[in-house]
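Novice: To start, I am sharing the structure in question, which I have written as structure tokens.
The values are calculated or read from the model by the stated rules, or taken from the named source; none is laboratory data. The shown structure was predicted, so the numbers you read here are calculated from the model rather than taken from an experiment. Neighbour counts are summed over all protein chains in view; Cβ atoms, including those assigned to glycine, are modelled from backbone coordinates with ideal geometry.
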Amino acid sequence: MRSTNQISERDAPFQLRGNSFTVMVLKLMAPDDPSFFPQLLSKIRQAPNFFKNAPVVLDLEDLDEGAGPADFIDFVVTLRQNSLIPVGIQGGTPTQQAAAFEAGLTIMPTGRPSREPERDFQRPAPGRAPTDPLPPRAPMPMAETAAPEFQKTTMIITEPVRSGRQIYAARGDLIVLGPVSAGAELLADGNIHVYSSLRGRALAGISGDTSARIFCHSLEAELVSIAGLYRVSEDLEKTVFKKQVHIYLDDGYLRMDPLA
Amino acid sequence: MAKVIVMTSGKGGVGKTTSSAAFATGLALRGFKTVVIDFDVGLRNLDLIMGCERRVVFDFVNVINGEAKLNQALIKDKRVENLYILPTSQTRDKDALTKEGVEKILDELRKDFDYILCDSPAGIEKGALMALYFADHAIIVTNPEVSSVRDSDRILGVLASKSRRAELNQEPVQEHLLLTRYDPERVERGDMLKVDDVLEILAIPLLGVVPESTAVLRASNIGMPVTLDEKSNANQAYTDAVARFLGDTVEHRFMKPEKKGFFERFLRRTA
């Protein structure tokens, strides 16, 4: 899932965009163990190209209080010398997080959903950040090792979806080109797009994907739901009724915005 | 090549049997050899509306069970050349219908007839499924009110998934909308759905609009298909619908309340 957030001014000297990358997670069990780096190195030597300048996120989740690296800056520098580029940490106690932040690492949100971290932290001062000429990027082979647990599929329905019909797009998106009648039900693990009137029910992200969305050309639905959060037709606001609408979860709240 | 048409609706009481009788008569009047079959086993009505109830000896179920030959059960209409009725049993239920039995009869009828019209019972159960399973064309009978429209939508879904054409992945059943009991004045007042509202929801081509007419009830009660009642505007609506079905271009009418001048002209013409 790619969320793009473009700046409206076309002639701006830059563009801000959201994007998702697959990043390796280095789970720390005993970072101060003397055999930590030797063992890590032998692992890297097995596939030097794969690990070359690979960004990693350090996972501190299973570390005990105070069991983190004694000196984060040192630790980060050693990792960089071994061609890994730590970019952030996951989990950890506030003390560990502060130390990691000092070492130029960002705090990644924990858990599966790969949302863009939006923190109120100041970005690390440029001088403190370990310098590296290469921007972090995901090496190609890594995508395979860290791929999502299923192959995404998209189901496309070209005919009208009649009352009483139920369509389930397992493990992916559902795209419907015809109208969806009252009494019909659309289900998808991913997003739902309806390029016509949506009068039936639409349930996106039914396996719990909170980043799933629903798009439709005319919202007249009986019920819409994302990851289990639903709203029935009676509670739809007048401003979105029969409009082109985009429905998504925002901080646990089901938002419906008209498509411009 | 004989065509099988199913007259169906999902909802009951919208005018399937009346429309079947009228449509079959219309096809026969255009010179096509037509048979209309009553699939409403246990609630036999088509023979009443066709006015042949006193001539029923054997029925559809007898033929399926091999108790009678097909031409023993077929009743030839006395008024219209080329029109035949296959009545159903009043004493049995829908379980008497089997896919194999129905197929055998349809195959036999295909040899002799141009059009085979199946009058479906209401609902989406066995009787309705058997009536639509072998269809090439489906005429969806709908009244301009929400529950009828929703049930029609449902039956369109069934056609698209449970008909033989759907199961064999052939070209889908051709769908036609017949909007019956349409009262333009009540539509104008907002009591009834407009033609456009119905078309927007069902999204299938409009075959015709049949106005609400006292002639329909009268025709049913005297056992005469309304297509034979030359005075009624329902007759004209069905005749138009048959013509459109056969590929003629006929402008839709009976969709707007009649204006005075037109109304008078109309009275003079049909009186």
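Novice: Kindly indicate which of A:Ser163, A:Ser233 is within 21 Å of B:Asp153 (Cα to Cα), in contact with a Ser or Thr (Cβ under 6 Å, 6 or more places away or on another chain) and polar (S, T, N, Q).
Specialist: Numbers: A:Ser233 fails: in contact with a Ser or Thr (Cβ under 6 Å, 6 or more places away or on another chain).
From the options A:Ser163, A:Ser233, the qualifying one is A:Ser163.
Novice: So in region B:195-205, with the set limited to residues that are touching a residue at least 24 places away in the same chain (Cβ under 8 Å) and buried (at least 16 other Cβ atoms within 10 Å of the Cβ), which one is nearest to the other protein chains (Cβ to nearest Cβ)?
Specialist: The extreme case among them is B:Ile201.
Novice: Moving on. In region B:182-218, which residues are modelled with pLDDT under 95 and within 15 Å of the chain's Cα centre (by Cα)?
Specialist: Correct list: B:Val216 only.
Novice: Only one of (1) more than 18 Å from A:Ser35 (Cα to Cα); (2) surrounded by 15 or more Cβ atoms within 10 Å (Cβ to Cβ); (3) at pLDDT below 85 fails for A:Leu105. Which number is that?
Specialist: (3)
Novice: Determine if region A:196-203 includes at least one residue that is over 30 Å from B:Ser152 (Cβ atoms) and out of contact with any His (no Cβ under 9 Å at 6 or more places or on another chain). Please lay out each step first, then the result.
Specialist: Step one: list which residues in region A:196-203 are over 30 Å from B:Ser152 (Cβ atoms), which gives none.
No, region A:196-203 contains no residue that is over 30 Å from B:Ser152 (Cβ atoms) and out of contact with any His (no Cβ under 9 Å at 6 or more places or on another chain).
Novice: Right, here's the next one. State which residue is farthest from the other protein chains (Cβ to nearest Cβ) when the search covers only region B:167-187 and only residues that are surrounded by fewer than 16 Cβ atoms within 10 Å (Cβ to Cβ) and more than 23 Å from B:Phe23 (Cα to Cα).
Specialist: Within region B:167-187, the subset surrounded by fewer than 16 Cβ atoms within 10 Å (Cβ to Cβ) is B:167-172, B:185-186.
From what's left, more than 23 Å from B:Phe23 (Cα to Cα): B:167-171, B:185-186.
Working: B:Glu167: 16, B:Leu168: 17, B:Asn169: 13, B:Gln170: 15, B:Glu171: 13, B:Glu185: 27, B:Arg186: 22 Å.
The residue in question is B:Glu185.
Novice: Assigned to a helix (DSSP H, G or I), surrounded by 15 or more Cβ atoms within 10 Å (Cβ to Cβ) and of a type in the set (Lys, Arg): which single residue out of B:Arg110, B:Arg44, B:Arg92 fits that description? Can you show your working first?
Specialist: Details: B:Arg44 fails: assigned to a helix (DSSP H, G or I); B:Arg92 fails: assigned to a helix (DSSP H, G or I).
Unique residue meeting the criteria: B:Arg110.
Novice: B:Arg154: within 14 Å of chain A (Cβ to nearest Cβ) and either over 19 Å from B:Lys3 (Cβ atoms) or surrounded by 17 or more Cβ atoms within 10 Å (Cβ to Cβ) (or both), yes or no? So that I can check it myself, show each step before the final result.
Specialist: Values: within 14 Å of chain A (Cβ to nearest Cβ): yes; either over 19 Å from B:Lys3 (Cβ atoms) or surrounded by 17 or more Cβ atoms within 10 Å (Cβ to Cβ) (or both): yes.
Spelling it out, B:Arg154 is indeed within 14 Å of chain A (Cβ to nearest Cβ) and either over 19 Å from B:Lys3 (Cβ atoms) or surrounded by 17 or more Cβ atoms within 10 Å (Cβ to Cβ) (or both).
Novice: With over 21 Å from B:Ala22 (Cβ atoms) and away from chain A (no Cβ under 14 Å) as the only criterion, which of B:Gly208, B:Gly190 stands out? Step through it out loud before you land on a result.
Specialist: Details: B:Gly208 fails: over 21 Å from B:Ala22 (Cβ atoms).
Within the list B:Gly208, B:Gly190, the selection yields B:Gly190.
Novice: Considering only residues that are under 17 Å from B:Ser20 (Cβ atoms) and not hydroxyl-bearing (Ser, Thr, Tyr), which ones fall in region B:227-239?
Specialist: B:Leu228, B:Asp229, B:Ala234, B:Asn235, B:Ala237
Novice: I'd like to check which strands (runs of 3 or more DSSP E) are fully inside region A:152-218 and have at least 2 residues that are in contact (Cβ under 8 Å) with a residue 24 or more places away in the chain, within 28 Å of the chain's Cα centre (by Cα) and outside the structural domain of A:Leu254 (by TED's automatic domain parsing). Break it down into steps so the answer makes sense when it comes.
Specialist: On the way: elements: A:153-157, A:166-169, A:172-176, A:185-188, A:192-198, A:201-204.
Qualifying strands (runs of 3 or more DSSP E): none found.
Novice: Separate question: Restricting to region A:167-191, what's the tally of residues that are of a type in the set (A, V, I, L, M), within 19 Å of A:Asp209 (Cβ to Cβ), within 14 Å of chain B (Cβ to nearest Cβ) and surrounded by fewer than 23 Cβ atoms within 10 Å (Cβ to Cβ)? Show your work before the answer.
Specialist: Just the residues of region A:167-191 that are of a type in the set (A, V, I, L, M), to begin with: A:167, A:169-170, A:174-177, A:180, A:182, A:184, A:186-188.
Checking the rest, the ones that are also within 19 Å of A:Asp209 (Cβ to Cβ) come to A:167, A:169-170, A:174-176, A:186-188.
The next check asks that each one be within 14 Å of chain B (Cβ to nearest Cβ); those that pass are A:167, A:176, A:186.
Then keep just the ones that are surrounded by fewer than 23 Cβ atoms within 10 Å (Cβ to Cβ); that gives A:167.
Within region A:167-191, residues that are of a type in the set (A, V, I, L, M), within 19 Å of A:Asp209 (Cβ to Cβ), within 14 Å of chain B (Cβ to nearest Cβ) and surrounded by fewer than 23 Cβ atoms within 10 Å (Cβ to Cβ) number 1.
Novice: Considering region B:215-244 alone, what residues qualify as being of a type in the set (A, V, I, L, M, F, W, C) and over 23 Å from B:Glu53 (Cβ atoms)? Talk me through it step by step, then tell me what you get.
Specialist: Filtering region B:215-244 for residues of a type in the set (A, V, I, L, M, F, W, C) gives B:215-217, B:219, B:222, B:224, B:226, B:228, B:234, B:237, B:241-243.
Those that are of a type in the set (A, V, I, L, M, F, W, C) and over 23 Å from B:Glu53 (Cβ atoms): B:Ala237, B:Ala241, B:Val242, B:Ala243.
Novice: Can you tell me which residue within region B:122-149, out of those that are surrounded by fewer than 21 Cβ atoms within 10 Å (Cβ to Cβ) and of a type outside the set (A, V, I, L, M, F, W, C), is nearest to the other protein chains (Cβ to nearest Cβ)?
Specialist: Among them, the one singled out is B:Ser147.
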